[in-house]
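Notes follow once the structure below has been shown.
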Amino acid sequence: MANERQNHTKFIRVVVRILATVCCYYTYTYSILIPPIFEYSDAFAPSNLSILGLSTAKAKAKANGIIDTDIEQDCDVLLPAAEPPKAWMIPEGIKFGRLDRLKLLKQHQTTARKAFNVNQKNDGDNNDENDDDNVKIATKAIGLNFADIFTVLGLYSAANIARQQQKQKRDNNNNDKGNSNDSSFIPGLEFSGTIITDPTGTYQRYDRVCGFTRFGAYADIVSVPPTYLLPLPDHWSYAQGAGFIVQALTAWHGLVEIGRMPLLTSTENTNNTNDRPFIVIVHSAAGGVGLWASEIAARRGAIVLGIIGDKNKEQFFYNRIKHISSDSTVMIRGKERDFRYRLAQKLKEMHSSTTATTTANVTHTPPPLRACDDDDDALLDLLEMSKRGYGADIVMESLGGEYFRSSFDSLNDGGAIVTFGSSSYSTPGRGGFNIIRLIYRYVTRPKIDPGDPVSRNIRLSGFNLIFLTERTIQLRKELNECISCLSGRNVNAPVTEDINSNIDEDMTLDLVSPPLIGDTFDFRNEAVDAMEKLKGGKTAGKVVLINNSNNVGSI
């Protein structure tokens, strides 16, 4: 019995020693074993830093993706995050084609950098920015554009080129040319947020900025050269900051650089010598680009005819434009089948009502419109009006179809139509395009006889701003001039070879009225919903994703 008790006691002691050894081992290795399983552990909370030691906690956090290595370089203390930076992207191996293919995934350290650097070429215009000189921004708001929708649906050539170049770069770096999968792709062109790091010293940490990027804005972290950033005024919200650069620059480039709209308010102007109003037609005039284009045209002395989708958007236009140009007005877009007849009637009204106030009491009698029993008569009347100088002088067009054709027919001698989109090809919903509708729209698209612009002395132009991003000096000059106009100064900005010069003096938004913000959506949960709303064409002003929960780079 004594031997049995002795053996039993020895067994218990052995078991206790084993358990104690195991407990000690797991206690010692707790902070090593847990983090690989979970993205965030209480062991890395600030209250435990004194136990683990700051340097040890930093090393373990970086190893497990809790701290972005690039961000941490500029940090004096540990910056814990509830989750790693994320971005809405088309995942690797997934084709463009539907809005619901966008997924919110972890943003790798390289994705913040590579988005801007795709499709860069050295054309001698200071576009060879070093990757190490890029500014990192924690986004607080992301502005939506119709280009984002066309990107995700695979109909935006610039995005297709960029994604192909990303794939080639990945294959070259990994020496894996056998991988046929497309690389992941983050859409988005404009954003606002706070500075994380700026190696160039142009901005300080936590400065509020708004900016533009060549794709990649649908993310917690964006990395761009300082050239494409602007200080955000204190009285502007982050949402308003995300609605300026891309859309205002698009409006300016199309209207002034391409459309060659004169500065009619200048005493040196000699463009309107026939004593008639200078009329600018702006399609989708209650949208982001449309409102900026309408304001720029009005501030430069034109009378604006804003084409809007429905009467509910009328007040958005008037609130922005009427105090600048009292003669400017709107027209409901309506159906394509009678659009050109209604456009002719509206132009007749505008030329009649603005004669006394605009042309120094010189009375004009617009040509009578014949009764229109069919589309051919309506087209003939519109052409007759424009040939006599009672049409429009510039058209900013983004719809396509009959809206484009009628706008083209409305141009006066010397006029210009500038097209920067074809949103009428779109269909509501988060899926892809209706292929039957797409084919029909393509087959019935307007055909322009090359002889028409010659015989009528008019211009037809188109552009895509994304292909101009290498022209740093040109866009910098245009942005200066655009801000000057919207600030009420209407002076030409000097051309400078130093792309970072006069950033505080010439690039301030303090005197610019903030953009109209329409619908806002939560970045984490509603990005696809926001794109679906914009795709449906029922929005007014700027549609913005709000990213208030982004705590990357904050202490």
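The values are calculated or read from the model by the stated rules, or taken from the named source; none is laboratory data. This one's a predicted model, so the numbers in the text were calculated from it and none came from an experiment. No Cβ is skipped: glycine too gets one built from the backbone with ideal geometry, and neighbour counts run over all protein chains shown. Calculation scope for accessible area: heavy atoms of the full protein, side chains included, ligands and nucleic acids excluded. Shrake-Rupley method; radii C 1.70, N 1.55, O 1.52, S 1.80 Å.
Numbers for the structure displayed
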| read-out | value |
| --- | --- |
| Checking T213 against (1) open to solvent by 10 Å² or more (accessible area, probe 1.4 Å); (2) among the β-branched types (V, I, T); (3) assigned by the TED database to the domain that holds F521; (4) closer than 16 Å to L479 by Cα, the condition it does not meet | (1) |
| Tally, over the stretch 459-484, of residues that are of a type in the set (K, R), out of contact with any strand residue (DSSP E or B) (no Cβ under 7 Å at 6 or more places or on another chain) and surrounded by fewer than 20 Cβ atoms within 10 Å (Cβ to Cβ) | 2 |
| Count - residues of the stretch 435-472 that are free of Cβ contacts under 8 Å to residues at least 60 places away in the same chain and aromatic (F, W, Y) | 2 |
| Residue pairs meeting the criteria (Cβ under 8 Å; at least 6 apart or on separate chains; first under 19 Å from D510 (Cβ atoms), in the stretch 473-485; second of a type in the set (F, W, Y) and open to solvent by less than 10 Å² (accessible area, probe 1.4 Å)) | L479/W252; E481/W252; C482/W252; C485/W252 |
| Qualifying residues in the stretch 460-487 (those that are closer than 30 Å to S410 by Cβ and outside any helix (DSSP H, G or I)) - the one modelled with the lowest pLDDT | N464 |
| Test: residue in the stretch 517-539 that is open to solvent by 40 Å² or more (accessible area, probe 1.4 Å), among the hydrophobic types (A, V, I, L, M, F, W, C), at pLDDT 85 or above and assigned to a loop (DSSP other than H, G, I, E, B) | no |
| Close pairs from the stretch 318-342: first within 20 Å of I303 (Cβ to Cβ) and assigned by the TED database to the domain that holds V395, partner open to solvent by 50 Å² or more (accessible area, probe 1.4 Å) and aliphatic (A, V, I, L, M), Cβ under 6 Å, at least 6 apart | none |
| Checking P368 against (1) modelled with pLDDT of 90 or more; (2) open to solvent by 40 Å² or more (accessible area, probe 1.4 Å); (3) out of contact with any strand residue (DSSP E or B) (no Cβ under 8 Å at 6 or more places or on another chain), the condition it does not meet | (1) |
| Qualifying residue in the stretch 105-119 (condition: modelled with pLDDT of 90 or more and either open to solvent by 60 Å² or more (accessible area, probe 1.4 Å) or among the hydroxyl-bearing types (S, T, Y) (or both)) | yes |
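A quick yes/no check of all residues on (1) open to solvent by 10 Å² or more (accessible area, probe 1.4 Å); (2) under 19 Å from I417 (Cβ atoms):
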| position | (1), (2) |
| --- | --- |
| L229 | no, no |
| A248 | no, no |
| G254 | no, yes |
| M261 | no, yes |
| S294 | no, yes |
| V304 | no, yes |
| K322 | yes, no |
